[in-house]
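Colleague: My questions will all concern the structure given below.
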Amino acid sequence: MKIILKIFDNLESYLCRALLVTFVTLLFVQILARELFGYSITWSEELSVYLFVWFVFLGSSYAAKLSAHNRVTFQYKWIPDKLSTFLELLSDVIWVSFNSYFIYISYDFVFNRMNLFWKSQTLGVPMKYIYLILPIAFTLMTIRILQVNYLKFIKGVEVIDPESQEMNELINTDISEDINQQTDNKTVEESALEMEKKS
């Protein structure tokens, strides 16, 4: 059970890595074939585009898991903590509502409105399978938003996106280095004063 939970918890990460490796390799092989052998692999570019689209949508779900989506948060510094927490939660409720509606629309589009005979030009794959990423990605994104809010508000775990965490570490490192340098300077000055007194 723990293995299944670990796989699900890192699902988007694993899929994004696999997709990235695959479409970059396809593009590289296509460039080599065209430049060195004068031969173009007709289906590779289209497949790379579709893999990239899947990569982007799954990446947005992964960003939601890391709480790394762009947010306007500067105004929270000027209002009380309880109100900023409430507004952040409200914005996530609106986000989940939008996602839920989009899941419904995309599911209806893919399974009810899309013609089964719409196929990609070179691959010949039904477009239904390409557009299937829409309900999948928005469902995963909704789960990740709920997961982050559960960790924040129920478990009390602070979820910080990697970029902000790195920035905080850099700021703290700079501050500690400044304090150490000031302490070293004071020590040097004190040593100089003691030497003057002795002489």
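Colleague: Mind checking which residues of segment 8-38 are open to solvent by 80 Å² or more (accessible area, probe 1.4 Å) and β-branched (Val, Ile, Thr)?
Modeller: Going residue by residue through segment 8-38, those that are open to solvent by 80 Å² or more (accessible area, probe 1.4 Å) are 8, 14, 17, 21, 28, 31, 34-37.
21, 31 - these are the residues of segment 8-38 that are open to solvent by 80 Å² or more (accessible area, probe 1.4 Å) and β-branched (Val, Ile, Thr).
Colleague: Within segment 85-130, can you find the residues that are open to solvent by 80 Å² or more (accessible area, probe 1.4 Å), within 24 Å of the chain's Cα centre (by Cα) and either of a type in the set (S, T, N, Q) or more than 23 Å from residue 70 (Cβ to Cβ) (or both)?
Modeller: Passing the criteria: 104, 107, 129.
Colleague: Could I ask something else about it? In segment 108-123, which residue that is aromatic (Phe, Trp, Tyr) and outside any helix (DSSP H, G or I) is farthest from residue 146 (Cα to Cα)? Show your work before the answer.
Modeller: So in segment 108-123, the residues aromatic (Phe, Trp, Tyr) come out as 109, 111, 117-118.
Next cut, outside any helix (DSSP H, G or I) only: 117-118.
Values: 117: 37, 118: 35 Å.
Among them, the one singled out is 117.
Colleague: Next question. Spot the failing condition for residue 149; the list is (1) exposed (fewer than 15 other Cβ atoms within 10 Å of the Cβ); (2) more than 22 Å from residue 51 (Cα to Cα), and only one is missed.
Modeller: (1)
Colleague: For residue 77, work out the one condition from (1) surrounded by fewer than 13 Cβ atoms within 10 Å (Cβ to Cβ); (2) assigned to a loop (DSSP other than H, G, I, E, B) it doesn't fulfil.
Modeller: (2)
Colleague: Answer yes or no as to whether residue 41 is of a type outside the set (D, E, K, R), open to solvent by less than 50 Å² (accessible area, probe 1.4 Å) and at pLDDT below 95. Outline the logic, then answer.
Modeller: Working: of a type outside the set (D, E, K, R): yes; open to solvent by less than 50 Å² (accessible area, probe 1.4 Å): yes; at pLDDT below 95: yes.
So residue 41 passes the test.
Colleague: I'd like to check something: does segment 90-107 contain any residue that is of a type in the set (A, V, I, L, M), outside any loop (DSSP other than H, G, I, E, B) and in contact with a strand residue (DSSP E or B) (Cβ under 9 Å, 6 or more places away or on another chain)? Walk me through it before giving the result.
Modeller: Taking segment 90-107 and keeping what is of a type in the set (A, V, I, L, M), we get 90, 93-94, 96, 103, 105.
Among the residues that remain, those that are also outside any loop (DSSP other than H, G, I, E, B) are: 90, 93-94, 96, 103, 105.
Now restrict to residues that are in contact with a strand residue (DSSP E or B) (Cβ under 9 Å, 6 or more places away or on another chain): none.
Scanning segment 90-107, I find no residue that is of a type in the set (A, V, I, L, M), outside any loop (DSSP other than H, G, I, E, B) and in contact with a strand residue (DSSP E or B) (Cβ under 9 Å, 6 or more places away or on another chain), so the answer is no.
The values are calculated or read from the model by the stated rules, or taken from the named source; none is laboratory data. Here the structure is a predicted model, which means the values were calculated and not measured. Methodologically, a virtual Cβ is constructed for each residue, glycine included, from the backbone with ideal geometry; neighbour enumeration extends over all protein chains shown. For the accessible areas, the whole protein counts, side chains as well, though only heavy atoms, and no ligand, DNA or RNA atoms are used. Shrake-Rupley method; radii C 1.70, N 1.55, O 1.52, S 1.80 Å.
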